[in-house]
Structure formats: C-alpha cells, structure tokens
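Quick notes on the structure that follows.
Just so it is clear, none of the values below were taken in a lab; they were calculated from the coordinates. Bear in mind the structure is a predicted one, so any value in this text is a computation, not a measurement. Here Cβ is always computed from backbone atoms with ideal geometry, including for glycine, and neighbour counts include all displayed protein chains.
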Amino acid sequence: MPPPPRKILHIDMDAFYASVEQRDDPELRGKPLVVAWRGARSVVCAASYEARAFGVRSAMPVVHAERLCPQAIFVPPDFVRYKAVSQQIRAIFARHTDLIEPLSLDEAYLDVTANLSGLPSATAAAEAIRAAIREETGLTASAGVASNKFLAKIASDWNKPDGICVLRPHQVEAFLTPLPVGHLPGVGKVTQARLADMDIATVGQLRLLPVDELERLFGRWGRRLHELSRGIDANPVRPERPAVQVSSEDTFERDLLLTELEPHIRRLAEKTWARYQRECLQYRTRVARTVVLKLKTADFRLLTRSQTPTLRPTTLAALIDIACGLRERVDLPPTTRYRLVGVGLSGFIDQNGLCAQPDLFESTCGEKGSY
C-alpha cells in the first residue's frame, strides 16, 4: 500500500514588515506604507496592502515606488524587531509540529501529518495557528494546506490577505489546469518564453506534453516540469535547511565602472567569508566550491559570473582573488556602469565526499474529507 499523503502547511505572514509597523504605530494603519530606506539607490523591503493598491511591490526601486504612490509614508526597516516577532510566530508553529522549514522571517513550511496538538485535520491545525498568531502578535497570516510543499505554497497565496486555501488531493488537477505556467517554481521569463513559442501558456497545456519531449527540450529539468504540472512534489519538509549560497551584496550611491569595483568586492568578500565560517560551524562537513560574482548595470541588467576552481577556496584571500578575477569574464563595454555588486559562495558539498573522490570535482477549494 502506498503511504498516506502528507499534510503540509505553508504559512505566510501578510505584508509582514509593513504590518508590524502598522501594528506598533496606530497612525500608520489604513495608510499606504512603504518599508525602505529613502534614497535613489534603495529598494522597497515591504509595502502595506494600501500601498500595493498603487502597484508598489517588494524589491522595487524606491524612486519608482515614490512615483507610483506619492502619498506613501516611508519608514526605515527594523530587522531586530521583525526577527523578534518571527521568533514568536515560530514558537506557535512548534506547538503543532517539530517539522518546521523556515523560508524567511515571514514564511515557513510545516508538516502536520502527525501534529503534536492532536487536532483532527491539517485544516484545523492551520486555523489554530492563524488564530494564535492573530491573538498573540496582533498580525494576520495566510495559509495553504495541501499534500506537498509546492501545492501548499501556491494555495497560501490564493486567498490573501488573512485567508486559507485547502487543496485536497482530488482537487489538484482541476486547480492547476488553468494556472499560468509562471506559477510553477523555477519557471522564469526565459522558460515562459520558450513555452510560449510552443503555444503553451497554462499548466494544463504543459501537462499534455510527453515527459520525453520535455526532457529533450529542458534536460533533467523537463522531468521536474512534468511532475509539477501534475502536482507531484516529493520534497520533504526539512527542519534544518543548509544554505544553498552564502553571499553579500551592496547597491552604490553612484554607478561605478568595472575597474572601480575592486575595493567593494574585497569588502563584500570579507562579509561573505564571515557568513561562510558561521555556516561551516553549524554544518561541519559542508564546504563550498564555487565563487559567484553578481553585477547589476545602471539600466538594471543582472549578470552573474562564477568559477569552480580545481582547489576550492579555503581562505579569504583566495575568495577575493577569484571574485576580482571574475570581472575579466564580463564582456560588456568598458564604459558600462554598475549600480550593484555581490560576492557569493555556492556549490556546497560534503567534505568527506570531496576527500574520498577528488577526481569527481574538476479560500477553501472543496468540501470532501477532513484534509
């Protein structure tokens, strides 16, 4: 007999940073609020729903947000306060399950297949968590309930803000069929464009393609697309989630030439190396092999260059040398100016494997059941 389906929740706080600010300052409630540092180089950290009505979104340049909503109130972020509230919320999660996978300060996956609170269903657990968050923090959260992480995350966005969507197994195909392919994780603009060239715009249309055709077009990623179009996701909730990449980045006060970036690359490499050392202390056998240089041009074009050397970087000096050297692989005109630079370490592997094999590393959607 196959195992019973998992019961997964995705809990997502509603406009978290902005909602904390509005909770703590009653004069901000009901007004368009943007959490961001002011300045020509700053980006929006969060926007209240009142500001979102004008088109303001996270990661948008502040100058653009100001044009969209001139009456918006801007407040600088207070991450110490947001982290304290996030810890309160995490404690609420822990009453229901030990299987918690945080994605950020304001969202997490929970596996409540066997919940600690003894509630009869995943839906009941989600409602209890949302009620506790409201009562204990004065904030609202939205929840998705499904049989896997992929579906739960889509569902949590379905009835925002302050809503819940329960997606039962028998509803999955009908739920996914009309969705744009961009709703699938990992399907960005490039993949959407390739699919559009094949007259594929929805998940239902994608589902009709044979898996071997998708693999021919997209390689191994094609099989993943095939599974997602059918609502299949076997990834478990991982309570301890090692970093995929450790990085630091900065946006400049003024745009710089590539030749002017070295001191900034050195400074950011130091920050990245310190974070990497902390990651190594927590996960002692994991080491990074790849150095990544991230650049954003003055016209917002994003570039990344990476290198996986034969000998992985084991010192800060090695990281700096490789990161600075990656500038030589940028093929834009020398007059191009850059507004942002970042330095990262990725390609994490188990150090034991590295030593053993060196040659390898050159709204509720239905009523049936009690789901």
For the range 64-191 the mean separation of alpha carbon contacts under 8 Å (6+ apart) over residue count, i.e. relative contact order in percent, is 13
Note to self: C-alpha centroids of the range 301-327 and the range 206-285 sit apart, in Å, by 16
Evaluated at 20 °C and 1.002 mPa s, the Stokes-Einstein D of the range 137-248 based on the Kirkwood radius over Cα pairs, in µm²/s, stands at 139
The size of the Cβ-based charge dipole (Lys, Arg +1; Asp, Glu -1) of the range 1-167 about the Cα centre, to the nearest 20 debye, is 320
Over the chain, the sum of -39500 (n - 2.57) across DSSP H runs of at least four, divided by residue number and rounded to 500 deg cm²/dmol, gives at 222 nm -10500 deg cm²/dmol
Taking a ≥ b ≥ c as the square roots of the eigenvalues of the Cα gyration tensor, with a/c under 1.5 meaning rounded and otherwise prolate when a/b exceeds b/c and oblate if not, the range 246-356 is prolate
Restricting to Cα pairs under 8 Å and 6 or more apart, the percent relative contact order of the range 173-229 works out to 33
The Kirkwood hydrodynamic radius of the chain, taken as the inverse of the mean 1/r over all distinct Cα pairs, in Å, comes to 23.3
Of 140-148, 79-87, ordering from highest average Cβ density within 10 Å down gives 140-148, 79-87
Ordering 122-135, 299-312 by per-residue average of other C-beta atoms within 10 angstrom, highest first, gives 122-135, 299-312
Cα-Cα longer than 25 Å, checked against Lys83/Lys271; Lys160/Lys296; Lys83/Lys296; Lys271/Lys296, kept in input order, equals Lys160/Lys296; Lys83/Lys296
